[in-house]
Each structure stands twice: as C-alpha cells, then as structure tokens.
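The next block holds one structure in the form of structure tokens; read it before the comments.
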Amino acid sequence: MFDSLSGALSGAYRSIVGKKVLTEKNIDEGIRAVRQALLEADVHFKVAKDFVKDVEARVLGEQVIKSVDPGDQFIKSVHDALTGLLGGESPGLPVADKGPLVLMMAGLQGSGKTTTCAKLALWLKQRKKKKPLLVAADLQRPAAVDQLKTLGQQLGIEVYAEGTDQSPPEVCRRGVEHAKKNLHDVVILDTAGRLHIDDELMTELEQVEKKCDPHGVLLVCDSMTGQDVVKSTEEFHKRLPIWGVVLTKTDGDARGGAALSIRHLTGRSILFVGTGEKPDELEEFDPPRMAGRILGMGDVVGLVERAQEVIDEKQAEKDAKKLLKGQFDFEMFLKQMNMIRKLGPLKKVLGMLPGVGAALKDVDLDDKRFKRVEAMIQSMTPTERKSPNLIDIQRRRRIARGSGNELEAVHGLIKQFKQMQKLMSKMGKGGLESMMGGMDPSGMGMPGMGGGMPGMPGGGMPGGMPPGLDMGGMMGGKKGKKKSAGRPSGLDDFLRGRRK
Ligand SMILES: Nc1nc2c(ncn2[C@@H]2O[C@H](COP(=O)(O)OP(=O)(O)OP(=O)(O)O)[C@@H](O)[C@H]2O)c(=O)[nH]1
Ligand SMILES: [Mg+2]
C-alpha cells in the first residue's frame, strides 16, 4: 500500500546514511525529502506539514549517541513520527463485558462491507477462537443477503437472515437475540451501503445503532478513494460513534494517502486493512509495524505470524533434524517449497523481510516457477527423488518432456539441489558459520536464511528458504547472465549484508 512512499523515504534516508555527523544542512535535506515523499503519497498537505514538524522536533531533540549512526538516528525519528501518525498503539476491537460482542459495519456503497464482515468473522474464528454470527441486514440490494449467506457457507460461519420485507433495525435486534440464545460470542451486522448525503438511509443506520447498541461501529472505507476517505469518515462520525476504521483494497493502492491521513485528521484509528479479495486477506493494522514496513525495515513480525498460522511447528522441527543429518532429498525439497508457497505469493512473503521489499519493488517475481519446479520433481520416480544421482541424461530428457520443461531447467534444478545437499551436510557438521562461508551466492535460494527465519519459533524454517528457489531464476527478465542474473543489486547487497 505504501510502495511509492516507501521508495521515496528510503531515498531521504540514503541522503543521510553514512554521514558522520548530522548537521543542520543534512537534516534539512533529509526532512525536505520526507515532506516531498509524503506529498507524493497523496497525503493531505496539513498532515505533511505537521509530520515534518514532528520529525524535526524529534531529530533535534534526540540525544546524540556517538556510537549510533546518524542516519539510523534520523530514520528512528522518522519511524517514531510515522508510528504516531498512523495512530500509535492500535486500540484493537472493543471488548464486551457480558454477552456477545456486537460489531456493526457501516460505509459507502461498494466499500467492501460484506467482504469485510466475512473476513473479520473468519479472523475471529481462526485467531481468537470465537463463534461469530453474521447478520444480513442489507435489505436494499436484492442479492446482498445471498452474498453474505454464500460467504458464510464457504467459511463455515453461521448467517442470520430474514426476508427482505423486514426492517433492518429489527432484523439486527433479532439477530443479536439469536446470537445470545445460541451462545455466539461475536455478532457482526452487515448493513447496506449508503451515501452520507442520503438522509433516510443514514437515519436507518442510526436506528440500527440505537436498537442494538453495538460495542463498536466499524467504518469500512475503500483506500483507493484517497483523501475522500477522510471526508466520509468525518461525515459518518457526525451521525454514528465510529469505533475504528477498516481500510479495504489496500492491495490496489500504491500511495496510501488515506491510511496516512485518517488518524491525524479525524482522530479515528485504522484497525484492519483488507489486502485482497480472498477471505483471509485481512490484516490487523499495527502502526509501529506498519511504519517499519514503510521504511523498509521489513515486517518480520508479520512474517512470523503468517508462518505460525500455516506451519506445523513440530513437523518443521523434525524436518530440520533430518536436514541436518544430511537426509535431504527431493521429497523434502518439495515439502519445503510448498510450505513457502502456503505463506502467500513469493513477492509478498519476501517483501516482509527487512530491506527486501524495496529491492523487489520493480521485480517481477514469478510464482509460476514454483509450479514448474514442482512438475519436474513430480516427473521423477520416488527412487529418483530419494537418490538424484540415479537420474542419468536419458531420464533427465524424459523428466523434461514429462513436466513440459527444457532439458536445461532439469539440469539446473538437479545442480542446485546437489549444491544445497552439500550445504546441508556442511551445516549439520560445522554449523551455520561454515555454511555461510562456503556458499556460492549465484546458486542459492536465500543465503543467510539457512539458520531459520529471524525470530521464527523452533529454530525457524528448516533450511530457511527452500533450496533451489534461486532468486535470480525466480525473477522474470534478464536471463542467462552469469552470477546474479536478474537479481536486483539492492537484493544482492541485502544478501551480502546478511552474510557479513
Ligand atoms: N482487491 C480487493 N478487493 C476487495 C477488498 N475488499 C473488498 N473487495 C471487493 O470490493 C467489491 C465490493 O465488496 P463488497 O463487500 O460487496 O462491498 P459492500 O460495501 O458490501 O457493497 P454494498 O453492499 O453494495 O454497499 C467486491 O468485488 C470485493 O471483492 C480488498 O481488500 N481488496
Ligand atoms: Mg454489502
């Protein structure tokens, strides 16, 4: 969501990095670059002005610590100011003292309310082990009730609905009653989309609020509408007590102006962001983490959370032990690769690692290559997967044909696999250090990640990134050059940096 801001801010950062001392002049330059970056991100000029003032005060107020790089001190000030701008600590969802937590969705037409209802219910069910009930109270659009019912069915979440001849406030009230009787601990009311100038519909929304007395009204806003989000939040908040905002469609919004302005201009916090159309594409909005992501500090916490969701920790530990004993074969290779795939599209996953996001900005990371590698491995016999040395040229040709690949690709895969195998056994014997030293950067997936993702539970992903996911090879574009063909230099620096 903050791609362009992120790029521009790291430019500002670079102008200061490496400077021995922070002088008024280079602070000034850095700050000017920050202001420019914000304006380009479609941030309200008042927000940009206040933000720059805040950064300036922090930079000047910061005690100069000799051992800390001035650039790092500057970026820390920007990070703290950005965290503040995004809302500081997230207030989270309201809490119900007794009975079910009642949440009411409101927002403009098509902003993503119904989708968000389903996403939030799924999030509460999976992450918080709740038993949510969805209430279909959009009786304006004939298909709205069915839309929610279908989503509920897909996700295994109960939907309370009545005929469309009922009044929405009554449906909501009965929905809450139904939840109490059936021991649901969360109720989410999906309401019809409306324009704030539509007085009749706004009144209806007020009635729903009065009848059900929800613990929180969540305003759903489409981040693509940029600055308009601020205006509609203000208008809705005049009529309803808005607890917080869910910002949707951030996957299509490269500038993030809305996200940066809402809190400062309306006092309402963003609680969640929608990052795609699928039901699991909802993320908690955490300002310090988001600030880190914007500044290219990566989002290791996000990655770990995602990994915890999809990775079976016990199995991962078992695999790691096997790997270290040198029991590494193509079966394991495939398993590791699929694990990474479960984390999400490769670019998204890698983008969460510090420094990688910016480096990958213009790179076309191709998830299809995962599929091709998978096809090659599946064209091998089980014996071959265990002992790749058995795969002679005849068989390589056959595997290439069977998987719809060039012979070259099979050669490449086996070569990478063998390198990885060697590395694994070295790592088993001599630990991480020997592995780091003995690596060929051109052939490896993510060198330096071998010891596990930083902060990952249980020693991290065994083997880190799956072998053979040659970054150069995964990326579209420049082919056939030696060494790090196709790998952006920033990423190379990143990889090198990690191996220092
Ligand atoms: N890419 C993307 N699309 C989204 C996101 N959230 C919602 N959408 C899409 O936005 C469109 C509208 O979503 P709905 O949930 O129906 O919106 P609504 O606010 O309920 O619409 P009304 O009930 O008509 O007011 C759908 O096509 C959704 O798939 C998101 O985070 N990312
Ligand atoms: Mg809807």
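No value in this document is a laboratory result; all are computed from the given coordinates. Just so you know, these numbers come straight off a predicted model, no measurement behind them. So basically every Cβ, Gly included, is an ideal-geometry build from the backbone, and we count neighbours across all protein chains shown.
A few notes on this one:
- Computed from the C-beta positions of ARG395 and ASP312 and an R0 of 30 Å, the FRET efficiency is 0.35 to the nearest 0.05.
- For the residue pairs LYS129/LYS325; LYS180/LYS278; LYS53/LYS278; LYS25/LYS348; LYS125/LYS231, the C-alpha atoms sit more than 31 angstrom apart in LYS129/LYS325; LYS53/LYS278; LYS25/LYS348; LYS125/LYS231.
- Convex hull volume per residue, computed on the Cα atoms of region 88-161, equals 113 Å³.
- Under the convention that each Lys and Arg Cβ holds +1 and each Asp and Glu Cβ holds -1, the size of the dipole of region 101-286 around its Cα centre is about 620 debye.
- For region 101-286, alpha-carbon Rg over 2.2 N^0.38 Å: 0.95
- Annotation: amide H of GLY107 within the under-5 Å range of ARG194, VAL220, sequence separation 5 or more or interchain, hydrogens built in the peptide plane.
- For region 158-229, alpha-carbon Rg relative to the globular expectation (2.2 N^0.38 Å, N residues): 1.24
- For region 103-112, the Karplus equation 6.51 cos²θ - 1.76 cosθ + 1.60, evaluated at θ = phi - 60°, returns couplings of 10, 10, 9, 9, x, 5, 4, x, 6, x Hz by residue, with Gly and Pro reported as x.
- The GluC sites (Glu not before Pro) of region 375-429 meeting both criteria, a DSSP state outside H, G, I, E and B (loop) and at most 16 other C-beta atoms within 10 angstrom of the site's C-beta, are GLU406.
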